[in-house]
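The values are calculated or read from the model by the stated rules, or taken from the named source; none is laboratory data. Predicted model, so just to flag it, every value in this text is computed and none were measured. So basically every Cβ, Gly included, is an ideal-geometry build from the backbone, and we count neighbours across all protein chains shown. SASA here: full protein model, heavy atoms, side chains in, ligands and nucleic acids out. Shrake-Rupley method; radii C 1.70, N 1.55, O 1.52, S 1.80 Å.
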Amino acid sequence: MAVKYVYLFKEGSGKLRELLGGKGANLAEMTNLGMPVPQGFTISTEACTRYYEDGKLIGEDILAQIEAALAQTEVINGKKFGDPQNPLLVSVRSGARASMPGMMDTILNLGINDDVVAGLIAGNPAPGFERFVYDSYRRFIQMFSDVVMELSKKRFEEIIDDLKEQKGVTEDIKLDAADMKELVARFKAFYKKEKGVEFPTDPKVQLLESVQAVFRSWDNPRANVYRRMNEIPYSWGTAVNVQPMVYGNLNNDSGTGVAFTRDPATGARALYGEYLINAQGEDVVAGVRTPNKIAQLEQDMPEVYAQFVDIANNLENHYKDMQDMEFTIENKKLYMLQTRNGKRTAAAALKIAVDLVQEGQIDKDTAVLRVEPQQLDALLHPQFDGKAIKAATPIGAALPASPGAACGRVVFTAAEAKDWATRGEKVILVRLETSPDDIEGMEAAEGILTVRGGMTSHAAVVARGMGTCCVSGCGEIEMHAADKYFALGGKQYKEGDYISLDGSTGKIYGEALPTVEATISGDFEVFMGWADSRRTLKVRTNADNPRDTRQAVKFGAEGIGLCRTEHMFFEGDRIKSMRKMIVAKDETARRAALAELLPYQQKDFTEMYEALEGRPMTVRFLDPPLHEFLPQKDDEIAEIAGELGITAAELKAKVESLHEFNPMMGHRGCRLAVSYPEIAEMQTTAVINAALAVNKAYPAYGIVPEIMIPLVGEVKELKYVKDIVTKTADAVIAASGTDLHYKVGTMIEIPRAAILADEIATEAEFFSFGTNDLTQMTFGFSRDDAGAFLDAYYSAKIFESDPFARLDQNGVGKLIKLAVAGGKATRPDIKLGICGEHGGDPSSVKFCHSIGLDYVSCSPFRVPIARLAAAQAAINSQK
C-alpha cells in the first residue's frame, strides 16, 4: 500500500503529532472540535525526511498527493488556485512536532500574481480594497524572495522606508493603494536585478518552491542552533501546512492577533494577548507596529470577542494546559489559525502547573512533567539590589517582555553579542527588532532591548523561552545602529557602555546596577516537593568552598558529589605554599610546604561539613598537573621567584621541567600521589581531622568521609594510593581516640578503568563517573579546543549536540554501563554516581536514572534542574 504523505485537516487528529507536526495536529484537532479553521492540508514530517533522503527532491508520489489535496481544498473552500475571478490564496507554514517559535519560515498570500490582482480588483469596487490587494501582493513578493530565493529581507524594508520618506509618512498603514502598487513594481525590479529573471507568476510553481523552502529551512543555521539548544533531533523533520488565507488586513473590520489563555510571564489565570486592526499576522509577531491589548477587542468587536473567549476556554479545557493561539478576523468573522501549548517563563510554568492541579485539571505527576527542567535556571539567577534599584532613575520604560534583571555592555548585532560574550563580557543586545537570525546573539546576551514589538513579538517569545531578561517596544529610543549608538532620555549610549534592564517592570537604566541572589519559595517549593517525592536518583553538587556548599544546600543538594581540592589552593597565601611544595628540592621541603597547606584544607573541609549538616561529601584528591600552579611568563616568574626565595632561573627551569606535550594525559591525578605520597597523606589528614571535629561538635551528623582517588586506570595504582590513605587515616583516627568510618573510591574517567571496573571495584568502595574527562578520552577530543571544530561537525550532521554538554549515550554511555555492571558484579553494594557537568543536563540525568546510578552531581545552580529531571525520568520510566 502506498505511503500517505498528505492529510487534509479533517483527516488528521491531535494524536498524529509525530506525523503532522504540532501545528498540523492542532489544526486537525480544532477542526474535529468544530472550531472555525480555514480548511487546508498538511504535508507530513515523513515527506520532509524523504526530501532529504532523495537528495533534496520531492518525489513524484508526494507531488501527486499534494495535487490531489489541493484539488480537494479548492472544492471545500469554493475557490480555484490561480483563478483570477475566484482565486484560492494560501499560506505555507512549517510545523515540527516540537514547538520552534520563529525558527522556521512562513509564506503568506501564495497564489497571487498580476492576473489575480486584476481580477480581484475588478470584482470588488469597495474603497480600500485595491490597497488591500496590492498590500497582499507586495507582502508575498517580499516573503517569497526572502524565504524561497534568499534575497535580503532588509533590502525590501529599505525600499519601503525610502517610499515612506518620499511620501512623508512614518507608518506602513499610511501608504495608499498607489503606493502599494509602486512597492510591487519596485520589489519586482529589485528581484529581477538580483536574480536575473522575472518574479515567478505560476501559482503551482510558487507552491512547490515554497514547500521545498520550508523543508530546506529545517536545516538552516538558526533552526540547527535552536534544535541543539532544545535537544530536538534532526531526524524528526518538519511538516508543511497549506492553509487558505483569511485577511486581517482587508479593512478596519478585520484584524489579527496572538493570545494566551493565561499570562505567559506570570501564569495568572486571565486572557492575555494583543491584536492589530487592519494587519496580517506577521505584523504582530515581527513587532513592526505596537499592538492593542486583547481586552480592547471587547469594545471594538464585542461578538467576535465573546466567541474568541469561548473558544479559548474550550481549548484550554481540552488540552488541559495554557494555550498560545493565533487568530484572524475578516469582516468581523473569526478564524483560528493555530493553537499550541504556550511558551512561558519559569515562574509562570510553575504557577500554571500548580494551579492546574489545584483546579482539578491535571494530577501532580502530569504537573511535574509540564515544566522543562532547564527553565528553572531562570528562577535561580540574581535580581537587582533593592537599595540600588530604589536609588536609580530609569532613562526609559517599555514592555516587560521577559522577567529578570540584566546588566551589561551595549552591543548592536547578534554577531557582536556572541563575540563579546566569548571574551567574557556581559552584554545587552539592543536591536530595532529581533529576527530568527539573531538567535545565537540572543542566547549569548544577558538581556535584550528592542525598539519595536509587543509582548508576543519574536524577541519576547524567544527570550521567555530562554529565560533571558527582555524589554521590548521602547519607541522612545533613537536608534543609530550603523554608528553604534542609541539615544534615550536625552543621552547617547555607545557600544560598550553599561546599561541595566528590569524585565519584570520594563524599566531601563543607563548604568550598571548591582544584583542580589534570587529567592525561591511559594509555587517553587510546592512544585519541587512533588518532584522530590517521585524521584529515586539523589542529587548532589560540585562545590569547592563553604559558600558554594551553602548555596547548593539551599537549592536542595543532598550532599557534595565532587569537591575539587585543587581549587582550594589558588587563593592568597595558599598558592604560595603550593608553589613552595612544587619547587621543593626534596621530600623534607615538600612536607614543610604541605604542612603550611594543611590548616587551610582542614578549615575548608570543616566549614563544608558544617554547611552540609550530615550530608555526604566526596573529596577528590589533587588532580591537575602541577604546572598549572606556576607562572608561565618571564615577568611573573621573576616576581614569584623572589617570593619563593629562589632565582628566576631556578623557577624557570622548574616550569620547563614540568612542561608536557599533553598535560591532560600527563603527570596528574593519582600519578601525583604515586610520585609524591606526602600529598595524599596531607589531604587525608585534613579530611579525617575535619570529619572528627565536626562529628564531635555535632554528633547527630554522623559524617562518613568519602575520599576519591582520581584518574585511575589500573587497580594496582589505586591500591598503592589507597594504602597511603588508609594508613594515614587509621593513624589519625587512632590518635583521636574515637571511631570514624570512611570510604575510599575512585573516579572512572579513563576508558580502561571502565573496561576493568570489576577489578577496580575490589579496592574501590564507590565509583564516581568523571564524564568530562571520560568524554574527552573516549572521543580523543580536547574539551578546551573542540569548540574550534565542532561547528563543522554540526553542519555536517556528524554531531547534533556538544558531547561535553550532553552525554554521548552510545559511546561514553556504553562505557558507563559496562563499569556499572562490572562494579556491581564485584561489589553489589557499590555506590555509583556521576560528577561531570553532565549531572545537570536533563537528558543525561534521564540516562543515569535508567542505568541505576545512585546520584548525579552538578554545579549549585543546576541542582533544581537535576532534581526535576530525575523526577521526570522516574515518572516516565513507569509509564
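Applying the set (1) open to solvent by less than 50 Å² (accessible area, probe 1.4 Å); (2) in contact with a strand residue (DSSP E or B) (Cβ under 7 Å, 6 or more places away or on another chain); (3) more than 22 Å from Ala595 (Cβ to Cβ) to Thr726 leaves exactly one unmet item: (3).
Within the set Lys817, Lys831, the sole residue that is open to solvent by 40 Å² or more (accessible area, probe 1.4 Å), touching a strand residue (DSSP E or B) at 6+ places or on another chain (Cβ under 7 Å) and within 23 Å of Ser857 (Cβ to Cβ) turns out to be Lys831.
Which ones in the range 409-422 are more than 20 Å from the chain's Cα centre (by Cα) and not aliphatic (A, V, I, L, M)?
Arg409, Phe412
Please verify whether Ala482 is surrounded by 19 or more Cβ atoms within 10 Å (Cβ to Cβ) and not in a loop (DSSP other than H, G, I, E, B), treating the condition exactly as stated. For Ala482, the condition - surrounded by 19 or more Cβ atoms within 10 Å (Cβ to Cβ) and not in a loop (DSSP other than H, G, I, E, B) - is not met. Residues in the range 668-697 that are hydroxyl-bearing (Ser, Thr, Tyr) and under 22 Å from Gly737 (Cβ atoms): 2 in all. Restricting attention to the range 438-452 and to residues that are more than 21 Å from Asp483 (Cα to Cα) and open to solvent by 40 Å² or more (accessible area, probe 1.4 Å), the residue that is farthest from the chain's Cα centre (by Cα) turns out to be Glu446.
Would you point out the residue of the range 502-520, among those that are open to solvent by 30 Å² or more (accessible area, probe 1.4 Å) and among the aliphatic types (A, V, I, L, M), that is modelled with the highest pLDDT?
Ala512
Here Gly78 fits the description: surrounded by fewer than 19 Cβ atoms within 10 Å (Cβ to Cβ) and not acidic (Asp, Glu).
A search for C-beta distances below 9 Å between a residue of the range 414-430 that is crowded, with 24+ Cβ neighbours inside 10 Å and any residue that is aromatic (Phe, Trp, Tyr), counting only pairs 6+ apart in sequence or on different chains, returns Val427/Trp420; Ile428/Tyr498; Leu429/Phe412; Val430/Phe412; Val430/Phe486; Val430/Tyr493. Where helices (runs of 4 or more DSSP H) sit wholly within the range 777-879, those with at least 3 residues that are more than 26 Å from the chain's Cα centre (by Cα) occupy 812-826.
For the range 28-48, taking the residues that are touching a residue at least 40 places away in the same chain (Cβ under 8 Å) and open to solvent by 50 Å² or more (accessible area, probe 1.4 Å), the one that is farthest from Ala2 (Cα to Cα) is identified as Leu33. If you check Thr266, Thr290, Thr345 for being of a type in the set (Ser, Thr, Tyr), surrounded by fewer than 20 Cβ atoms within 10 Å (Cβ to Cβ) and either touching a Phe, Trp or Tyr at 6+ places or on another chain (Cβ under 9 Å) or closer than 30 Å to Asp523 by Cβ (or both), only one passes: Thr266.
When you scan the range 787-810, how many residues do you find that are surrounded by fewer than 12 Cβ atoms within 10 Å (Cβ to Cβ) and modelled with pLDDT of 85 or more? The number of residues fulfilling the criteria is 4. Taking residues in the range 323-339 that are under 23 Å from Leu356 (Cα atoms), and partners anywhere that are acidic (Asp, Glu) and open to solvent by 10 Å² or more (accessible area, probe 1.4 Å), the pairs with Cβ atoms closer than 6 Å and at least 6 places apart or on different chains are Gln323/Glu316; Gln338/Glu326.
Checking each residue in the range 549-584 for being small (Gly, Ala, Ser), assigned to a helix (DSSP H, G or I) and surrounded by fewer than 23 Cβ atoms within 10 Å (Cβ to Cβ) picks out Gly572, Ser577.
Residues checked against (1) in a loop (DSSP other than H, G, I, E, B); (2) within 37 Å of the chain's Cα centre (by Cα):
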position	(1), (2)
Ser94	no, yes
Leu108	no, yes
Asp115	no, no
Pro127	yes, no
Ile141	no, yes
Phe144	no, yes
Leu151	yes, yes
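Reported count of residues in the range 129-145, each being open to solvent by 30 Å² or more (accessible area, probe 1.4 Å) and farther than 15 Å from Gln280 by Cβ, is 1. Taken together, Glu643, Glu628 contain a single residue that is part of a helix (DSSP H, G or I), acidic (Asp, Glu), closer than 30 Å to Gln551 by Cα and modelled with pLDDT under 85, which is Glu628.
When the test is whether a residue is crowded, with 19+ Cβ neighbours inside 10 Å and farther than 24 Å from Arg340 by Cβ, Ile62 passes it.
Considering the range 521-548, and only residues there that are polar (S, T, N, Q) and in a loop (DSSP other than H, G, I, E, B), the residue that is surrounded by the most Cβ atoms within 10 Å (Cβ to Cβ) turns out to be Asn545.
Given the condition of a type in the set (Val, Ile, Thr) and within 15 Å of Ile329 (Cα to Cα), answer yes or no: does some residue in the range 206-218 qualify? Checked against the condition, which is being of a type in the set (Val, Ile, Thr) and within 15 Å of Ile329 (Cα to Cα), the range 206-218 yields no hits at all. Against the list (1) out of contact with any Gly (no Cβ under 9 Å at 6 or more places or on another chain); (2) among the hydroxyl-bearing types (Ser, Thr, Tyr); (3) open to solvent by less than 10 Å² (accessible area, probe 1.4 Å), the condition Thr771 fails is (1). Can we say Ser801 is hydroxyl-bearing (Ser, Thr, Tyr) and touching an Asp or Glu at 6+ places or on another chain (Cβ under 9 Å)? Against the criterion (hydroxyl-bearing (Ser, Thr, Tyr) and touching an Asp or Glu at 6+ places or on another chain (Cβ under 9 Å)), Ser801 qualifies. Within the range 698-714, the set of residues being touching a residue at least 12 places away in the same chain (Cβ under 8 Å) and open to solvent by 30 Å² or more (accessible area, probe 1.4 Å) comprises Tyr698, Ala700, Tyr701, Gly702, Val704, Glu714. Within the range 833-853, the residues that satisfy the criterion of being out of contact with any Cys (no Cβ under 9 Å at 6 or more places or on another chain) and either aliphatic (A, V, I, L, M) or in contact (Cβ under 8 Å) with a residue 60 or more places away in the chain (or both) are Pro842, Ser843, Ser844, Cys848, His849, Ile851, Leu853.
When Gly55 is tested against the conditions (1) over 20 Å from Asn77 (Cα atoms); (2) assigned to a helix (DSSP H, G or I); (3) not polar (S, T, N, Q), the lone failure is (2). Restricted to helices (runs of 4 or more DSSP H) entirely inside the range 164-247, those with at least 1 residues that are open to solvent by 20 Å² or more (accessible area, probe 1.4 Å), over 30 Å from Gly82 (Cα atoms) and among the basic types (Lys, Arg) are 221-230.
Can you give me the ranges of the helices (runs of 4 or more DSSP H) entirely in the range 301-398 with at least 3 residues that are on the phi < 0 side of the Ramachandran plot, of a type in the set (D, E, K, R) and under 28 Å from the mean Cα position of the chain (by Cα)?
364-370
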